[in-house]
Amino acid sequence: MRLIIPMAGEGKRLRPHTFTLPKPLFPVLGKPVLQWLIEEVFRALPEPIESMVFIVRDLKEEHGYFLRSLAQRWQAAVHFVEQAEPLGTAHAVYQAKEFLTGPCVILFADTIFRASIRVPEEVDGVLWVKRVEDPRSYGVVELSPEGYIQRLIEKPEVPTSDLAIIGIYFLRQAERLLPAIEYLFQHEIRSKGEYQLTDALQRLCEEGLRLRALPVEEWLDCGSRALILQAQARLLDLGEGKESGSVPEHVRVIPPCFIGEGAEVSESVIGPYTVIESGAKVSRSILSYTLCRSGAQVEESILHKALIGAHAYCRRAIGTLDLGDYSRHEGG
């Protein structure tokens, strides 16, 4: 079994934070989203992962080191392939063509999920899905009367299904994807201006590939600032993030919260649903539904639904704020 992990996207919805950090490595409760995802896959898969293939672009040395250490943690071989241009999800997966053989799990690493990964023996593959109120921002699937996927649509303007694809796919014979993707290239078949994996899978379904849609128990999209804050709140509600740094008597903590070991908090009210990572410093402030990244400093501020980047400095801010890494904000 292989994991194919595209992570060369620009992460536009999470800017300015993705100027300095790939979106899959953005931390939630102090742990990168990609690590949450891989841990769940390893917990749920019935057989071991032999290798992880990361599809990257302009990967920094320190980020490559983290990905290698992540693979080594589960004794999996690691491979890197480059996607030079962001031409879509199918184009990204195609860059790993030499590894697309036999059983593979394809993971788009901007999501956290909980699910049972038990693939029925009679199917050729599985897509994991979640019912959503507004499917227009996602790929969706339509099912046949027999329960197989018969149609995949990328971000439909008029949705005919509420079954959103969460970005996790299993194929027993991943090599079958290659001619389907090549067909998209040859005939310039694009959706929303890009070569989409949903279009390649649609072609395979038309050729008789038997795909099932399996539900997830929990799905947390982590693709934007608002979604990151929602994800951390949900994980706190689920009892994740037990770590707690030193909290002096003159600090009030309204649970649930996560305060990393080594964080410094003084004369403040923290919570609910606030995360202060290790190395961050908060003083004389009130923070709710907020994330303070490692090394951030927040002083004399009242923040709600704010995201303060790593090593950023914030003083006398009020309300919602989205401050990138190493940035500075000083109010009046």
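Observations
- Breaking point among (1) touching a strand residue (DSSP E or B) at 6+ places or on another chain (Cβ under 7 Å); (2) touching a residue at least 60 places away in the same chain (Cβ under 8 Å); (3) outside the structural domain of Thr20 (by TED's automatic domain parsing); (4) of a type in the set (Asp, Glu), for Asp325: (1)
- Among residues that are assigned by TED's automatic domain parsing to the domain that holds Tyr169, surrounded by 15 or more Cβ atoms within 10 Å (Cβ to Cβ), under 22 Å from Arg225 (Cα atoms) and of a type in the set (D, E, K, R), Lys97 is not included.
- Those strands (runs of 3 or more DSSP E) of the range 1-112 in which 2 or more residues are without any contact (Cβ under 8 Å) to a residue 60 or more places away in the chain occupy 51-56, 77-82.
- Annotation: Cys314 fulfils all but one of (1) touching a Phe, Trp or Tyr at 6+ places or on another chain (Cβ under 6 Å); (2) not in a loop (DSSP other than H, G, I, E, B); the unmet one is (1).
- Output for the range 251-282, where each listed residue is acidic (Asp, Glu) and either surrounded by fewer than 16 Cβ atoms within 10 Å (Cβ to Cβ) or without any contact (Cβ under 8 Å) to a residue 24 or more places away in the chain (or both): Glu261, Glu264, Glu267
- Residues in the range 10-48 that are of a type in the set (D, E, K, R), surrounded by fewer than 19 Cβ atoms within 10 Å (Cβ to Cβ) and under 21 Å from Glu85 (Cβ atoms): Glu10, Lys12, Arg13, Arg15.
- For Lys192, the conditions (1) in contact (Cβ under 8 Å) with a residue 24 or more places away in the chain; (2) in contact with a Leu (Cβ under 9 Å, 6 or more places away or on another chain) all hold with the exception of (2).
The values are calculated or read from the model by the stated rules, or taken from the named source; none is laboratory data. Worth saying up front: this structure is predicted, and the values here are computed from it rather than measured. Here the Cβ is made from the backbone with ideal geometry for all residues, glycine too, and neighbour counts use every protein chain on show.
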